[in-house]
Structure formats: C-alpha cells, structure tokens
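Asker: Supplied in structure tokens, the structure appears directly below.
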Amino acid sequence: MIKLVLTGLWVCVVTLASVYFSVQTATAPATSPDDAKKAQQEFVKGEAINVPVIANGQVTGYFLTRISFMMDKGKASALQPPLAALTTDELYSLLVGNKAIDIAHVETFNVAAFRDEIKKSMNERLGGDYVGDVLVEQLDYLSKNEIGSGDGPGKRTAKPVKIVQGDAPSDAPPKPAH
C-alpha cells in the first residue's frame, strides 16, 4: 500500500513539475525597452555616393561612401522628401563643408562621433527623432593621383584607402565620379 501511495505522489510531482516548466517556456519573455524600440525600426539602405575633397580650391580626391540608417517605421514612411537626396546632401555638408574627416590623420578618425554627427544632423534636418542608428557600410578615400585617366594601355587601377570597416555588407564597390 505504501508503494502505491509513493508511486502516486511521484506521478503527481512529475506532472506538476512538467506543467510548470512547460508554462514557463511557453510564455514569451519580457522584452526590454531597447528590444521593443529596435522592433519598431526598419533598415533604410543608403546610396553609394562620391564626395569630392576640396583643398586650396582644387579637388584632391574623393570619399567613396555608403551610409544606411535604422529609422522608425511609422515616421520613415511618412517622409515627403526623398530620403536618398536628403542623405546625400547632408553627407556633402558634413564631409565637404564641415571637414569631419582629416585625411592627413585618418588614424585619429572617430567613427562613433561621425555616426552621432550624422544622426544629429539628419534628425535636425527632418524635424524630429527619425534616425535611430547610423550604419557606416563603406567609407573609403581615393586621392586624385590614384585615379587613372581610364584611356589607353597604361591605365592605372585605383586602390582605395580603407578608413572604416563597414557595419553592413555592401553590394558592390561604387565607381568614383570624374
């Protein structure tokens, strides 16, 4: 008789434990505010652009850049102006007008500060908190001397200087503008 009662208790304990653990694993874990915010963002791929570097009134080289954004889904779809044009204009303003990158001292380039500056200026320009994160996919520099003329048998191939290793994979390297 004692064996029968102990067996019954054992079955009850095992059943209760399995029900408890199955309910615990079946319920969704609580999401943190950061995870909830990321779930409401969408990836907006940037265009590959070439930004001329101007020094002493002459073009000395080009930045080859592709910068993408993580934006709020609802706000990004409500934007009237084309985002690609705004991005290109803002990057020209930052890289040419503001001299955010000093080619003579590439090793001191601060990627986090560059991203923050782009995010801040894009949000100011759009008039709200649209850009959640900035993704630097490509940021290379080609000096004017490295760019070949492209005609004739002795044409040179340019080798860009990597300034930043990208956050996201790029589809293909952009062609420099002439």
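None of the figures in this text is laboratory data; all of them are computed from the coordinates on show. Quick caveat: nothing in here was measured; it's all calculated off a predicted structure. All Cβ positions, even for glycine, are placed from backbone atoms using ideal geometry, and neighbour counts span all protein chains on display.
Asker: Greater than 21 Å separation of Cα atoms is the criterion. Which listed pairs, K119/K144; K73/K120; K75/K119, meet it?
Answerer: With Cα atoms farther than 21 Å apart: K119/K144.
Asker: In nm, to one decimal, how far is the V5 label point from the D133 one, both placed 7 Å along Cα→Cβ?
Answerer: Result for the modelled spin labels: 6.0 nm.
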